[in-house]
Amino acid sequence: MQARQHRVHHMRYTVASGLDHQYICTWCGKTSASRYDYEKHLRTHTGEKPFLCTAGRSLDKSHLILEGPDVTRMMEFNEVIPCPICGRLQNSRARFRSHLEYCRRALNPQFSCQFCQKAFAYRKDMEKHTRTHTGEKPYLCYHCSSRFADRSSFVKHRRRFHPTATS
């Protein structure tokens, strides 16, 4: 608990006009938009490892084996489950298992970009990245003819500029 008190002591929270809330690390000046990211960053200074597995060890990237009854016991103990690889929090066992599979695959990527050799765990991620090199924009807005390289940008555009339009 002493590390937590120390961490809170070094936290500075500011609100800049017109900008998102910022958490600023007083040790190094790094800013974070969310308290979770800020507290995760502070652990790089304190060395704190607050999550324990059922074997009583601290969770970090070297502790990757979480399966079977250990995950169930962990769920009963915690409201949310932290990914032992990247630290992201998941609020259900199904999301945790899916996310953990994604992170495990990311540790051993099988697809690489033909332009810059950046490696990806999933083909779809590589294809999306490749568009940054080719300039391909396969998603077309039929309302204003704007084009987008990825579906999420297209959906955001539709919601912002054509909220009442169908399809």
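Near ALA121, within a Cβ-to-Cβ distance under 11 Å, what is the net charge of the other residues, with Lys and Arg +1 and Asp and Glu -1? Mind dumping the intermediate values first?
Working: positive: ARG104, ARG105, ARG123, LYS124; negative: GLU101, ASP125.
Surrounding charge for ALA121 is +2.
How are the alpha carbon pair distances in segment 105-146 distributed across 10 Å bins from zero to the largest one, expressed in percent?
28, 40, 21, 10, 0
FYI, it's all coordinate maths here, none of it is from the lab. Computed from a predicted model, the values in this text were never measured in an experiment. Because the Cβ atoms are built from the backbone with ideal geometry, glycine has one as well, and the counts that use them run over all protein chains shown.
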